[in-house]
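One structure below.
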């Protein structure tokens, strides 16, 4: 979903990835059968924490490499006052 931009992929093992958004229920990384279709369920808070941990691990391992440094120069930047060609006066991440 993150790199393909879709929650539904006909070749995937799961019909859909479902995120629980409740603060009252914590259930994470569960496979569920619903009407003969398999879902993969994640808790959104736990998922975000997992992604952040993965990024930190990646940076510890690869952050000093020349390839990372070169690519990072072309990555996202915060423009606190906006981008003149896109949106002025509001913060933009682009």
- Query: Does segment 42-56 contain at least one residue that is touching a strand residue (DSSP E or B) at 6+ places or on another chain (Cβ under 6 Å), closer than 28 Å to residue 13 by Cβ, at pLDDT 90 or above and not in a helix (DSSP H, G or I)?
  - Reply: yes
- Message: So residue 17 passes all but one of these: (1) modelled with pLDDT under 90; (2) more than 20 Å from the chain's Cα centre (by Cα). Which condition number does it fail?
- Response: (2)
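The values are calculated or read from the model by the stated rules, or taken from the named source; none is laboratory data. On a predicted model such as this, the values are computed, not experimentally measured, just so you know. With ideal geometry, Cβ positions are generated from the backbone for all residues, glycine too; neighbour counts draw on all protein chains shown.
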